[in-house]
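K.L.:
Pasting in a structure now, in structure tokens, and then I'll have a few things to ask.
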Amino acid sequence: MREELAAAIREALEDGAAAAVFLTGEDGTAEPRVARDPSDAAIEKVATGDERYPMAGFVMMLSPLLEGGIAVAGRECDRRMFVELAKHGQVDPDRIRFIGIPCSQELADACGCDHPCPPDSIVACAAGPAQARLVEEATSEDAAERFAFWMDSFSRCIKCMGCRNVCPMCYCKECALDNLELVGPESAPPDIPIFHLIRAVDMADHCVDCGMCEAICPAEIPLRSLYRQAREVVKEAFGYEPGVNPDEKSPIEKLGEVSDLAGMEEGFRTT
Amino acid sequence: MTNETIEDTTEKPAEVADDDVRILAFLCNWCSYAGADLAGVSRMQYPPNVRDIRVMCTGTISPYFVLKAFQEGIDGVLIAGCHIGDCHYGKGNYATAKRFRVLEDLLTSIGVDPRRIRLEWVSAAEGAKFQQVITDFTEQVRQAGRSPLGRKGGGQA
Ligand code: SF4
Ligand code: SF4
Ligand code: FES
């Protein structure tokens, strides 16, 4: 796949993209690179393994510094981030030329990812969708057990901020988690559950389920399950899934019409 | 509104027993606060467990405020505003309805007792409804018991 990927990057630069962004590296190490010239030797070293990197975050940082189009080599979760970020005005979709890398079956299985194939990947995508799961304790029928499990997990937090910092969907310049009136200055653990629930509320209609937050968390808190639950809430209430349809905005971001509230009678009392 | 207000409001009213529940109500200025006022001037009796914060519209209530109230040890949060169609700013309460749905379902999914939060539409003319809502909700929160969420909380799950 490396040859096809390198060829696609060179082609994008020859076609007039001002820069190409991709990962290089072997054996689980990954380094983001920017190439501006199709003859750049780094292009030949483009990574095709299972390395993960917040490409969309990198591009958001880079795009104000460059003019013109940016080619980005990434996976389907990276593509979905661009779709969602464009809706929030954080990237200009007209500047992004996405080069889709298919995920391996191993990666899809390990991620529990049901969308391992970008719509137009550079080589045929052989991976089939895997079942998205929650950690078992989060699925307990007993609410008190679920609550105890989450409080126990949150209590391991050391407030390193890795989850927020790695997440490309956490693009706010001013973060509620830094607001001392909401979350006190204590660190290990921070005020729980508010610290984790603020993020969960915001991720419900933003998270594209890339899993990088959980991968980076030193306390091994099952953050992906938490945000999967939050995503499920929004999907069930409004049929909305972040990153999927570029023409559909989050129902929570707009006031909408009274018809949008239909079927929500379960969620609140009208009598 | 500042969170100082939330903190101040989480203090237990003197007439509420130590082991009884504390409830925070966010009331829209234009309807539910007026409804509460009407209940008051009509001398309707309701439990003293509720402290309130007046907001200009329920659409100004961030889910963060509700989380903060629970973090401060509040046992139940009520949001009351204008009926759909009556919001003084047009559609502020559409946002409230949607945010509330997400917050309620999310809290439920992580194991918080959904009896701890409630959204109601109470107009300025509905003093009796206000009394009813406060009485019902206080009973409902008592059944859920003291909240395990806040650092100042305690009690059973
Ligand atoms: S899985 Fe984590 S890092 Fe990825 S988009 Fe969701 S919250 Fe952000
Ligand atoms: S990455 Fe984990 S330990 Fe660090 S702040 Fe996030 S939840 Fe806490
Ligand atoms: S003004 Fe009462 S809910 Fe908006």
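K.L.:
Report in % the part of the accessible area of region B:54-149 that belongs to carbon and sulfur, leaving out ligands and nucleic acids; probe 1.4 Å. Before the final figure, lay out the partial values.
P.N.:
Details: 1440 of 2750 Å².
C and S fraction of accessible area: 52 percent.
K.L.:
Okay, next question. Can you bin region A:2-111 into rounded, prolate or oblate? Criterion: square roots of the alpha carbon gyration tensor eigenvalues sorted a ≥ b ≥ c, rounded for a/c under 1.5, prolate for a/b above b/c, oblate for the rest. Display every interim value, and only then the final one.
P.N.:
Working: a/c = 1.81, a/b = 1.13, b/c = 1.61.
Since a/c reaches 1.5 but b/c is at least a/b, the shape of region A:2-111 is classed as oblate.
K.L.:
Rounded, prolate or oblate: which fits region B:23-144, taking a ≥ b ≥ c as square roots of the Cα gyration tensor eigenvalues, rounded meaning a/c under 1.5, else prolate when a/b beats b/c?
P.N.:
Details: a/c = 1.93, a/b = 1.16, b/c = 1.66.
Oblate, because a/c is 1.5 or more while a/b does not exceed b/c.
K.L.:
Using alpha carbons only, how many angstrom separate the centre of region A:1-55 from the centre of region A:243-260?
P.N.:
Each part's Cα centre sits 35 Å from the other's.
K.L.:
Counting alpha carbon pairs within less than 8 Å and at least 6 residues apart, what relative contact order, in whole percent, applies to region A:124-271? Walk me through the numbers on the way to the answer.
P.N.:
Numbers: 124 pairs, mean separation 32.5, N = 148.
Dividing the mean separation by the residue count of region A:124-271 yields 22 percent.
K.L.:
Still on this structure, please answer the following. About the Cα centre, and with charges only on the beta carbon of Lys, Arg (+1) and Asp, Glu (-1), how big is the dipole of chain B? Nearest 20 debye, please.
P.N.:
On the way: 18 positive and 20 negative charges, 79 e Å.
The calculation lands at about 380 debye.
K.L.:
Still on this model: Run the quick spin-label model on B:Asp86 and A:Ser259: label points 7 Å from Cα toward the beta carbon, then report their separation in nm to one decimal.
P.N.:
About 2.6 nm, to one decimal.
K.L.:
While we're looking at this one, here's another question. Between the helical axis of A:2-14 and the dominant principal axis of chain A, each derived from Cα atoms, what acute angle in degrees is found, rounded to the nearest 10?
P.N.:
Tilt relative to chain A: about 80 degrees.
K.L.:
Report which residues of region A:225-245 become buried by 50 Å² or more of accessible surface when going from the isolated chain to the complete set of protein chains (1.4 Å probe; DNA, RNA and ligands ignored).
P.N.:
In region A:225-245, residues shielded by partner chains: A:Val233.
K.L.:
From Cα pairs below 8 angstrom and at least 6 apart in sequence, can you work out the relative contact order of chain B, rounded to a whole percent? Let's see the in-between values first.
P.N.:
Details: 295 pairs, mean separation 49.3, N = 157.
In percent, rounded to a whole number, it is 31.
K.L.:
Nearest 500 deg cm²/dmol is fine: what mean residue ellipticity at 222 nm does the protein assembly as shown get from its DSSP H runs of n ≥ 4 alone, each adding -39,500 (n - 2.57), divided by its residue count? Write down the numbers at each step before the final one.
P.N.:
On the way: 14 runs with 150 residues, N = 428.
It comes out at -10500 deg cm²/dmol, rounded to the nearest 500.
K.L.:
Restrict the search to region A:69-177; then list the trypsin sites (Lys or Arg not before Pro) that DSSP places in a loop and that have at most 15 other Cβ atoms within 10 Å of their Cβ. Kindly include the intermediate steps, with their values, before the conclusion.
P.N.:
Numbers: sites: A:Arg75, A:Arg79, A:Arg80, A:Lys87, A:Arg95, A:Arg97, A:Arg133, A:Arg146, A:Arg156, A:Lys159, A:Arg164, A:Lys173; in loops: A:Arg75, A:Arg133, A:Arg156, A:Lys159, A:Lys173.
The qualifying sites are A:Arg133, A:Arg156, A:Lys173.
K.L.:
Note down the magnitude of the dipole of region A:1-128 about its Cα centre, charges +1 on Lys and Arg C-beta and -1 on Asp and Glu C-beta and zero elsewhere, to the nearest 20 debye. It would help to have the intermediate numbers written out before the result.
P.N.:
Working: 12 positive and 23 negative charges, 70 e Å.
Using only the charged Cβ atoms, the result is roughly 340 debye.
K.L.:
Would you tally the net charge around A:Glu241, using a Cβ to Cβ cut-off of less than 15 Å, leaving A:Glu241 out, and scoring K and R as +1, D and E as -1? Numbers along the way, then the final one.
P.N.:
On the way: positive: A:Arg79, A:Arg80, A:Lys87, A:Arg228, A:Arg231, A:Lys235, A:Lys249; negative: A:Glu76, A:Glu84, A:Asp114, A:Asp205, A:Asp209, A:Glu232, A:Glu236, A:Asp247, A:Glu248, A:Glu253.
Net of charged neighbours comes to -3.
K.L.:
So what is the accessible area of the protein assembly as shown per residue, in Å², with the probe set to 1.4 Å?
P.N.:
On the way: 18730 Å² over 428 residues.
Spelled out: the 1.4 Å probe surface of the protein assembly as shown, per residue, equals 44 Å².
K.L.:
So, one more: Going by Cβ distance under 4.7 Å, what cysteines of chain A have no possible disulfide partner?
P.N.:
Cysteines of chain A left without a disulfide-compatible partner: A:Cys103, A:Cys157, A:Cys160, A:Cys172, A:Cys175, A:Cys207, A:Cys217.
K.L.:
Ok, one more. Once you charge only the Cβ atoms, +1 for Lys and Arg and -1 for Asp and Glu, what is the size of the charge dipole of the protein assembly as shown about its Cα centre, to the nearest 20 debye? Please report the intermediate quantities before stating the final value.
P.N.:
Details: 44 positive and 69 negative charges, 192 e Å.
In total the dipole reaches around 920 debye.
K.L.:
While we're on this one: Could you tell me how many degrees, from 0 to 90 and to the nearest 10, lie between the Cα long axis of helix A:76-87 and the main elongation axis, the longest principal axis, of the Cα atoms of chain A?
P.N.:
So the inclination is approximately 70 degrees.
K.L.:
At a cut-off of 10 Å², which residues of region A:99-144 become less accessible once all protein chains are present than in their chain alone, using a 1.4 Å probe?
P.N.:
When all protein chains are present, A:Ala143, A:Ala144 each give up 10 Å² or more of accessible surface.
K.L.:
Right, next: How many Å² of accessible surface get buried when A and B come together, counting both sides, probe radius 1.4 Å, rounded to the nearest 100?
P.N.:
3600
K.L.:
A further question follows. To the nearest 0.05, what FRET efficiency results for A:Ser187 and A:Val135 with a Förster distance of 22 Å applied to their C-beta separation? Spell out each step's value before the answer.
P.N.:
Details: r = 24 Å, r/R0 = 1.10.
The value I calculate is 0.35.
K.L.:
Considering only protein heavy atoms and a probe of 1.4 Å, how much of the accessible area of chain A is carbon and sulfur, as a whole percent?
P.N.:
On the way: 6200 of 12700 Å².
Carbon and sulfur together cover 49 percent of it.
K.L.:
Applying the Karplus parametrisation 6.51 cos²θ - 1.76 cosθ + 1.60 with θ = phi - 60° to the phi angles of region A:231-247, what ³J(HN,Hα) value in whole Hz is obtained for each residue in order, glycine and proline being reported as x?
P.N.:
With the stated coefficients, region A:231-247 comes to 4, 4, 4, 5, 5, 5, 6, 10, x, 9, 10, x, x, 8, 10, x, 9 Hz.
K.L.:
Moving on. Give the percent of DSSP beta bridges with both residues in the protein assembly as shown that are antiparallel, rounded to the nearest 5. Can you show the working numbers first?
P.N.:
Values: 6 of 31 bridges.
Bridges in the protein assembly as shown that DSSP calls antiparallel: roughly 20 percent.
K.L.:
A further question follows. So if I restrict to the alpha-carbon atoms in the protein assembly as shown, what is the Rg, and what is Dmax, the biggest pairwise distance, in Å?
P.N.:
In Å, with Rg to one decimal and Dmax whole: 24.3, 83.
K.L.:
Another one. Excluding same-chain residues fewer than 8 positions from B:Lys12, which lysines have a Cα within less than 18 Å of its Cα?
P.N.:
B:Lys68, B:Lys152
K.L.:
Along the charge dipole of chain A, pointing to its positive end and built from +1/-1 on Cβ of Lys, Arg, Asp and Glu, which listed residue (A:Ala17, A:Met161, A:Pro64) has its Cα farthest out?
P.N.:
A:Pro64
K.L.:
Against the longest principal axis of chain A, how steep is helix A:194-203, in degrees 0 to 90 to the nearest 10, with axes from Cα atoms?
P.N.:
Here the helix axis deviates by roughly 50 degrees.
The values are calculated or read from the model by the stated rules, or taken from the named source; none is laboratory data. Computed from a predicted structure; not experimentally measured. No Cβ is skipped: glycine too gets one built from the backbone with ideal geometry, and neighbour counts run over all protein chains shown. For the accessible areas, the whole protein counts, side chains as well, though only heavy atoms, and no ligand, DNA or RNA atoms are used. Shrake-Rupley method; radii C 1.70, N 1.55, O 1.52, S 1.80 Å.
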